[in-house]
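> Attaching a single structure in structure tokens format; questions to follow.
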Amino acid sequence: MASFEALHDYIKSKNNFTKFVNSSEVPQTCKSEPCMLGVDEAGRGPVLGPMVYGIAYCPISQKEVLRTLGCADSKALTEEKRDEILLKMFSEEEALNNVGWIAEVISPNYISNSMYRRAKHSLNEVSMNSAISLIKRAIEFGANITEVYVDTVGPPEKYQAKLSEIFPDIKIIVAKKADSIYPIVSAASIVAKVTRDHALKVWEFHEGLEMNHKEFGSGYPGDPLTKKFIRDQIDRVFGYPLLVRFSWSTAELMLQEKAAKCTFEEIDDSTTKKSAGTKSISTFFSPKNEKRRKRHKFFEERYLTINNVFE
């Protein structure tokens, strides 16, 4: 990954209705020397677009490299400055030899389905699971991680205790506003923010919309362009394009106002249980050796499954 063009091509090669990971090579020094690792995210609050979790890691002895790159509180940096720093991480020899990174792009569709499914997963759970999986991935890749610094989700004490239980041999520090305290978390935050920005720039609408990213704004509910998108791009039957987190109250309220009303019948499970040896009605309609048909893309993208009340 040597340029933003390469980043764009990589993002466009992935399905934007689920989640995927992008990562650097692990520098050799990160395999041989004790390393610190930072974790942060971008895009928890927006109603549009993915949430991105990022990690960055480097040898503890080379922390000065982070300052040379300009890693600081990412919220205090301009978009141009963040782009510049990540581009250095992509291309400059000192950074390539000392700093590794991984980003997970979690789609709006994945987030909303996690929050709406029967065994619900809150946004905090989705966030923590992503952070944990990225730390594990860095370790599996061979990075010698001995210290981890995390920008908190929820109460920092509980989060730190959870991570310490999972990674007992690693020093864990979880703090509020960690990206303004620890340069390694700032680096992770830059990875996450820039990846999200560029994921929005190259977003491809499966629904056939021809729209530039500047037309739907930042994705935050207070953005006038985002408000206009939420108000205008609604289908009475199918709801919103996959860019929208339909579980957000901003979208839910608009769906209640403009979409067709839909009532789901409550099924009493106690009345649908079969007696032992009873065949399901579906067995009478399909040959025993019939090959399983591939599910249509529409259902895969929306994680829809068929629940047959006769079985």
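The values are calculated or read from the model by the stated rules, or taken from the named source; none is laboratory data. Everything numeric in this text was worked out from a predicted model, so none of it was measured. Heads up, the Cβs are rebuilt from the backbone with ideal geometry, glycines too, and the neighbour counts pull from every protein chain shown. Surface accessibility is based on the protein's heavy atoms, side chains included, excluding ligands, DNA and RNA. Shrake-Rupley method; radii C 1.70, N 1.55, O 1.52, S 1.80 Å.
> Only one of these is open to solvent by less than 10 Å² (accessible area, probe 1.4 Å), in contact (Cβ under 8 Å) with a residue 12 or more places away in the chain and either in contact with a strand residue (DSSP E or B) (Cβ under 6 Å, 6 or more places away or on another chain) or among the polar types (S, T, N, Q) (or both): Ala131, Ala95. Name it.
Ala131 is the lone residue from the list that is open to solvent by less than 10 Å² (accessible area, probe 1.4 Å), in contact (Cβ under 8 Å) with a residue 12 or more places away in the chain and either in contact with a strand residue (DSSP E or B) (Cβ under 6 Å, 6 or more places away or on another chain) or among the polar types (S, T, N, Q) (or both).
> Another question about this same structure. Please work out if Val126 is aliphatic (A, V, I, L, M), at pLDDT below 95 and farther than 20 Å from Met89 by Cβ.
Yes: the conditions hold for Val126.
> Which ones in segment 66-75 are within 14 Å of Val185 (Cα to Cα) and either assigned to a helix (DSSP H, G or I) or open to solvent by 30 Å² or more (accessible area, probe 1.4 Å) (or both)?
Selection gives Leu66, Arg67, Leu69, Ala72, Asp73, Ser74, Lys75.
> Next question, about the same structure. Scan segment 47-60 and tell me whether some residue there is open to solvent by 30 Å² or more (accessible area, probe 1.4 Å) and either of a type in the set (Gly, Ala, Ser) or in a loop (DSSP other than H, G, I, E, B) (or both).
No: segment 47-60 contains no residue that is open to solvent by 30 Å² or more (accessible area, probe 1.4 Å) and either of a type in the set (Gly, Ala, Ser) or in a loop (DSSP other than H, G, I, E, B) (or both).
> Which residues, taken from segment 1-58, are modelled with pLDDT of 95 or more, within 13 Å of the chain's Cα centre (by Cα) and among the hydroxyl-bearing types (Ser, Thr, Tyr)?
Hit for segment 1-58 is Tyr53, nothing else.
> How many residues are without any contact (Cβ under 8 Å) to a residue 40 or more places away in the chain, out of contact with any helix residue (DSSP H, G or I) (no Cβ under 7 Å at 6 or more places or on another chain) and of a type in the set (Ser, Thr, Tyr) if we restrict to segment 223-261?
Here the count works out to 1.
> Related question: May I ask you to verify whether Val39 is within 21 Å of Val185 (Cβ to Cβ), touching an Asp or Glu at 6+ places or on another chain (Cβ under 6 Å), touching a residue at least 24 places away in the same chain (Cβ under 8 Å) and not aromatic (Phe, Trp, Tyr)?
So Val39 does not fit the description; no.
> Conditions first: (1) loosely packed, with under 14 Cβ neighbours inside 10 Å; (2) under 23 Å from Asn212 (Cβ atoms); (3) in contact (Cβ under 8 Å) with a residue 40 or more places away in the chain. Pro108 passes all but one, so which condition is the exception?
(1)
> Being within 21 Å of Ala192 (Cα to Cα) and open to solvent by 30 Å² or more (accessible area, probe 1.4 Å) is the filter here; which residues of segment 139-151 pass it?
Those that are within 21 Å of Ala192 (Cα to Cα) and open to solvent by 30 Å² or more (accessible area, probe 1.4 Å): Ile139, Glu140, Phe141, Glu147.
> Would you point out which residue out of Glu93, Glu125 is within 18 Å of Pro50 (Cβ to Cβ) and either in contact with a Cys (Cβ under 6 Å, 6 or more places away or on another chain) or of a type in the set (D, E, K, R) (or both)?
Just a single option satisfies the conditions, and that option is Glu125.
> Related question: For segment 36-46, name all the residues that are open to solvent by less than 10 Å² (accessible area, probe 1.4 Å), part of a strand (DSSP E or B) and closer than 23 Å to Trp203 by Cα.
Of everything in segment 36-46, those that are open to solvent by less than 10 Å² (accessible area, probe 1.4 Å), part of a strand (DSSP E or B) and closer than 23 Å to Trp203 by Cα turn out to be Asp40, Ala42.
> Can we say Glu33 is surrounded by fewer than 24 Cβ atoms within 10 Å (Cβ to Cβ) and free of Cβ contacts under 8 Å to residues at least 12 places away in the same chain?
no
> Select, from Lys88, Lys120, the only residue that is open to solvent by 20 Å² or more (accessible area, probe 1.4 Å) and more than 20 Å from Tyr159 (Cβ to Cβ).
Lys88
> Which of the residues belonging to segment 182-222 are in contact (Cβ under 8 Å) with a residue 12 or more places away in the chain, surrounded by fewer than 17 Cβ atoms within 10 Å (Cβ to Cβ) and among the hydrophobic types (A, V, I, L, M, F, W, C)?
Correct list: Val202, Phe205, Leu209.
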